[in-house]
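Below is one structure; the comments refer to it alone.
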Amino acid sequence: MLKVSDIHVSYGPVAAVKGISFDVKKGELVTIIGANGAGKTTTLNALMGLVPVSSGSMLLKGEDLSKIPVEGRITRGLSFSPEGRRVFKSLSVLDNLRAGGNILSKLKADERIHDMMEQFPLLRERSHQDAGTLSGGEQQMLAIARALMSQPSCVILDEPSLGLAPKIVSQVFEIIRDLRETGVTILLVEQNIKKSLAIADRAYVMELGKIVKSGNAKELAEDQSIQDSYLAAGS
Amino acid sequence: MEEFIQYLISILNLGSIYALLALGLVVVFGQLGFLNFAHGDLMTLFGYALLFQIGWGLPFWIAVVIAIMFAGGCAVMMERVAFRPLRGRSPMTLLITSFAISGALHVVFQVAISPRSKPIPIPEFLSGYITMGDLFISRAQIFTIIVAFTSLILLRIFLARSRLGICLRASASDFDVARTMGIQANRVIAMAFFLSGVLAGMAALLWISQRGAVHPALGLTPMIKALIAAIIGGLSNPKGALYGGFLLGGLEATLLQILPDNLVVFRDAIVLLLLIVFLVYRPNGIISSNPEPMR
Ligand SMILES: Nc1ncnc2c1ncn2[C@@H]1O[C@H](COP(=O)(O)OP(=O)(O)OP(=O)(O)O)[C@@H](O)[C@H]1O
Ligand SMILES: [Mg+2]
């Protein structure tokens with residue numbers, strides 16, 4: 001589905017991503033974990049075309065992503081829920097969903113909005129409220145629902161559990177697991193390492209712009225060095 | 001009583017024009033984060049387009065419609081030629097570019113057309129007064145209020161209901177995220193400029209119908225007023241531009257009422273002074289998009 005080979009990304013003189021490679025196969029849930037500033041968000045933004053890569057290649061279903069404009073990714077089935085949720089605050093919940101489904105026909109969009117409201121009942125209650133007035137957890141649900149509007153085949157999620165209460169975090173992870181059950185390919189970036197390893201098939205560990213470890217999620221969860229550096233504090 | 005109605009009408013009249021202009025500024029600001037200083041020149045372009053068409057013998061109202069479309073087209077051209085190559089640069093660069101465009105257009109108007117004011121014949125229907133008892137109301141003012149409110153309502157429906165309107169608001173709210181959803185940057189920006197041009201054309205029609213002439217600097221004064229209105233309103237959303245426009249209209253009309261005749265010349269200075277005081281207390285305007293208090 002997604003294949004990234006040796007990409008480099010810099011912000012001016014600062015190299016944020018220093019030659020990383022990974023792939024996500026159809027139907028897989030792959031997670032990229034790592035500490036603050038490891039370059040995870042930068043990698044995802046590069047995939048979405050929001051920051052330029054200086055070298056390397058990115059393929060989506062075999063097609064070179066560097067030749068596709070930012071706006072063209074969604075029509076190829078790739079959708080994105082950014083770090084910090086970034087819902088359209090001044091738009092109602094309904095209009096956020098409509099924006100997420102703006103490439104669909106009117107009929108199809110209404111159908112999808114209906115589906116999303118079934119799946120996230122709290123969004124129905126708040127459908128006419130401005131997204132900016134929702135709580136953090138509600139905004140995260142909205143951000144996910146918005147990303148699902150276009151019925152993507154591959155979803156990229158950047159730290160969906162960021163800043164949420166533990167109960168809501170569990171809910172978010174359940175939603176992601178359920179989503180994967182429906183056959184959607186998922187690339188998940190997280191700092192909640194324990195929970196993401198628990199639902200993922202495979203994982204990559206990023207440190208200072210490089211991938212330092214990768215493998216089966218269950219095995220990595222058992223890995224001593226991962227336990228020591230990430231799980232010891234009991235996160 | 002008569003005086004009070006007269007006063008109300010002058011508030012609505014001034015406020016309508018400022019609100020239309022401020023909206024045009026805010027619609028573009030939402031997409032690119034800068035105030036287009038050449039916005040006023042779109043009004044002037046409307047004025048000259050109207051002047052020439054009437055000169056060629058076109059009926060007034062047909063000329064008006066074409067001139068409004070022309071202003072919209074010029075705004076789109078402006079973006080294509082001047083702002084698009086600078087996409088991604090800082091808003092400051094865009095602002096300064098817009099100064100340059102405005103300056104260049106002034107020179108073009110002066111050299112290619114005339115540095116002096118040219119009269120535009122305003123149809124009978126828009127001149128003179130309606131009398132109601134002791135009340136004299138200028139027809140142009142009534143026309144202004146009706147046209148402005150109708151356009152504001154239509155614009156609101158467009159932004160709230162249409163797919164393009166939702167895309168415009170989404171990309172004003174978060175440009176990059178909107179793009180990842182397939183909302184085409186070039187299309188929404190072009191649409192925003194077209195809207196701003198049409199709004200400037202409408203405002204120019206109303207402005208000119210009360211003055212009956214066009215000159216190279218026609219758009220300058222109303223544009224500065226619109227900048228003030230947009231800043232008072234908060235730049236972050238169209239509602240703010242409306243409030244700002246009517247607030248400024250109200251302020252000017254009130255000053256005109258209460259200032260003694262020999263101080264009326266200081267009206268604009270007083271308005272600017274009040275703006276400064278206002279910004280000290282509310283730097284983000286009436287409607288702030290920033291939920292955190294600044295201090
Ligand atoms: N816009 C930017 N300009 C300059 N440097 C940046 C920018 N964005 C990120 N960086 C730098 O790039 C590096 C990687 O940042 P990135 O946001 O990708 O990390 P991350 O792994 O997503 O971290 P977090 O878990 O905190 O979200 C950091 O050192 C950061 O300071
Ligand atoms: Mg990040």
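The values are calculated or read from the model by the stated rules, or taken from the named source; none is laboratory data. Fair warning: this is a prediction, and the values are worked out from it, not measured in the lab. Here Cβ is always computed from backbone atoms with ideal geometry, including for glycine, and neighbour counts include all displayed protein chains. SASA here: full protein model, heavy atoms, side chains in, ligands and nucleic acids out. Shrake-Rupley method; radii C 1.70, N 1.55, O 1.52, S 1.80 Å.
In this structure, is A:Asp6 out of contact with any Leu (no Cβ under 6 Å at 6 or more places or on another chain), open to solvent by 20 Å² or more (accessible area, probe 1.4 Å) and on the phi < 0 side of the Ramachandran plot?
Considered against the rule, which asks whether it is out of contact with any Leu (no Cβ under 6 Å at 6 or more places or on another chain), open to solvent by 20 Å² or more (accessible area, probe 1.4 Å) and on the phi < 0 side of the Ramachandran plot, A:Asp6 comes out as no.
What number goes with the only condition from (1) at pLDDT 95 or above; (2) over 17 Å from the mean Cα position of the chain (by Cα) that B:Arg84 does not pass?
B:Arg84 satisfies every listed condition except (1).
Can you tell me which residue is nearest to the other protein chains (Cβ to nearest Cβ) among those in region B:143-155 that are free of Cβ contacts under 8 Å to residues at least 40 places away in the same chain and surrounded by 11 or more Cβ atoms within 10 Å (Cβ to Cβ)?
By that ranking, first place goes to B:Thr150.
Only residues that are within 16 Å of ligand 2 (Cβ to nearest atom) and either in a helix (DSSP H, G or I) or surrounded by fewer than 22 Cβ atoms within 10 Å (Cβ to Cβ) (or both): list them for region A:49-97, please.
A:Leu50, A:Val51, A:Glu83, A:Gly84, A:Arg86
If you go through region B:154-165, how many residues are over 22 Å from B:Ala22 (Cβ atoms) and either outside any helix (DSSP H, G or I) or modelled with pLDDT of 95 or more (or both)?
0
Any chance you could count how many residues in region B:215-257 are among the β-branched types (Val, Ile, Thr) and in contact with a Ser or Thr (Cβ under 7 Å, 6 or more places away or on another chain)?
Result for region B:215-257: 0.
Give region B:171-187 a look and list any residue that's open to solvent by less than 10 Å² (accessible area, probe 1.4 Å), assigned to a helix (DSSP H, G or I) and either in contact with a Pro (Cβ under 9 Å, 6 or more places away or on another chain) or at pLDDT 95 or above (or both), or say none.
B:Val177, B:Ala178, B:Thr180, B:Ala185
Going through region A:70-98 one residue at a time, which ones are without any contact (Cβ under 8 Å) to a residue 40 or more places away in the chain and more than 8 Å from every other protein chain (Cβ to nearest Cβ)?
A:Arg76, A:Ser92, A:Leu94
Between A:Glu174, A:Glu190, A:Glu181, A:Glu207, which is among the acidic types (Asp, Glu), within 16 Å of ligand 2 (Cβ to nearest atom) and open to solvent by 50 Å² or more (accessible area, probe 1.4 Å)?
The match here is A:Glu207.
Go through A:Leu134, A:Leu157, A:Leu142, A:Leu148 for me and flag whichever is more than 16 Å from ligand 2 (Cβ to nearest atom), touching a residue at least 60 places away in the same chain (Cβ under 8 Å) and buried (at least 21 other Cβ atoms within 10 Å of the Cβ).
So the residue among A:Leu134, A:Leu157, A:Leu142, A:Leu148 that is more than 16 Å from ligand 2 (Cβ to nearest atom), touching a residue at least 60 places away in the same chain (Cβ under 8 Å) and buried (at least 21 other Cβ atoms within 10 Å of the Cβ) is A:Leu148.
Just checking, which of A:Gly49, A:Gly101 is facing chain B (nearest Cβ under 9 Å) and either of a type in the set (Asp, Glu) or more than 16 Å from A:Leu123 (Cα to Cα) (or both)?
A:Gly49 is the lone residue from the list that is facing chain B (nearest Cβ under 9 Å) and either of a type in the set (Asp, Glu) or more than 16 Å from A:Leu123 (Cα to Cα) (or both).
List pairs: first in region A:19-34 and within 16 Å of ligand 2 (Cβ to nearest atom), second modelled with pLDDT of 95 or more and assigned to a loop (DSSP other than H, G, I, E, B), Cβ under 6 Å, 6+ apart or cross-chain?
Short answer, once both residue conditions are applied: A:Thr31/A:Ala200.
Take the residues in region A:57-69 that are touching a helix residue (DSSP H, G or I) at 6+ places or on another chain (Cβ under 9 Å) and not charged (D, E, K, R), then tell me which one is nearest to ligand 1 (Cβ to nearest atom).
A:Met58
Do we have A:Ala147 as in a helix (DSSP H, G or I), more than 16 Å from ligand 1 (Cβ to nearest atom), touching a strand residue (DSSP E or B) at 6+ places or on another chain (Cβ under 6 Å) and of a type in the set (Gly, Ala, Ser) here?
When the stated conditions are applied, A:Ala147 passes them.
Please verify whether A:Lys167 is more than 16 Å from ligand 2 (Cβ to nearest atom), part of a helix (DSSP H, G or I), open to solvent by 20 Å² or more (accessible area, probe 1.4 Å) and in contact with a Ser or Thr (Cβ under 7 Å, 6 or more places away or on another chain), treating the condition exactly as stated.
Taking the combined requirement at face value, the residue does not satisfy it.
Name every residue in region B:77-116 that is open to solvent by less than 40 Å² (accessible area, probe 1.4 Å), over 18 Å from B:Gly219 (Cα atoms) and touching a residue at least 40 places away in the same chain (Cβ under 8 Å), in order of residue number.
B:Glu79, B:Phe83, B:Leu94
So that you can scan it fast, the table gives a plain yes or no per residue for (1) over 26 Å from A:Val14 (Cβ atoms); (2) under 17 Å from the mean Cα position of the chain (by Cα):
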site	(1), (2)
A:Ala35	no, yes
A:Gly39	no, yes
A:Leu44	no, yes
A:Met58	no, yes
A:Arg76	yes, yes
A:Ser92	yes, no
